[in-house]
Amino acid sequence: MNDAIVKKKTATRTRSLAFCGLTIALMAVSAWISIPLGPVPFTLQTFVMVFALVALTPGQCLAAIGGYLVIGAIGVPVFSSMRGGIGVLLGPTGGFLWGYLIGAALALALLCVLGRYGGGRNGEKGRAAGGSAKRNRAGLAVSFAAALLFIVVMYVCGWAQYMAVSGVGPGVAFAVAVAPFIVVDLVKTVVGVLTARAVKQAIR
């Protein structure tokens, strides 16, 4: 019995490590797909971050984002335009990178408060009572709310650091570092949430 429990825990830990490693790799690849739009490049990272937020467990998501930032900070070129080093994190656009971690932590807290993780254990009972469709709609709404919170926090962190490091006013910082990306990031957020929920449903 004990051997079975140990094997199960080992398999779960191995699976979590694999998910985290794969997510870090996706974050790096999505950062390399970069289109310069002024000082802040356009990348696919928002999609990957939202995907991780919804598809992974809270621990896996925070570990993946934290691991990504640490790997980049020590000089591995995993940031946009294949850059790395602490200078990127402290530079004009570094606030967006810090915002990934802070935004994810707050969004995951919202998910927990709204029962996205903790309350999900009663899902079988809800389905047995014929409430599966309603539960799915509620889960989708909560996922979108958390993803939007993540985006807002990321923007605020990026906007604040760009303003502080570049020495420009709040209006200029918003126009340069935030405004050009809002519509595209909203599209990536929608796609990220829908993709993550589909993947999570498929691997259950």
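Test of understanding: among VAL187, VAL168, VAL156, which residue is hydrophobic (A, V, I, L, M, F, W, C), out of contact with any Asp or Glu (no Cβ under 9 Å at 6 or more places or on another chain) and outside any helix (DSSP H, G or I)? Step through it out loud before you land on a result.
Values: VAL187 fails: outside any helix (DSSP H, G or I); VAL156 fails: outside any helix (DSSP H, G or I).
VAL168 is the lone residue from the list that is hydrophobic (A, V, I, L, M, F, W, C), out of contact with any Asp or Glu (no Cβ under 9 Å at 6 or more places or on another chain) and outside any helix (DSSP H, G or I).
Being touching a Leu at 6+ places or on another chain (Cβ under 9 Å), open to solvent by 20 Å² or more (accessible area, probe 1.4 Å) and small (Gly, Ala, Ser) is the filter here, so list the residues in the stretch 67-101 that pass it.
Residue satisfying the conditions is ALA73 alone.
Looking at VAL40, is it β-branched (Val, Ile, Thr), open to solvent by less than 20 Å² (accessible area, probe 1.4 Å) and over 28 Å from LEU140 (Cα atoms)?
In short, yes.
For the stretch 1-33, which positions are open to solvent by 100 Å² or more (accessible area, probe 1.4 Å) and at pLDDT below 70?
MET1, ASN2, ASP3, LYS7, LYS8, listed by residue number.
The values are calculated or read from the model by the stated rules, or taken from the named source; none is laboratory data. Source: prediction; values computed, not measured. FYI the Cβ positions are ideal-geometry reconstructions off the backbone, even for glycines, and counts take in every protein chain you see. Remember, those area values only see protein heavy atoms, side chains included, never the ligands or the DNA or RNA. Shrake-Rupley method; radii C 1.70, N 1.55, O 1.52, S 1.80 Å.
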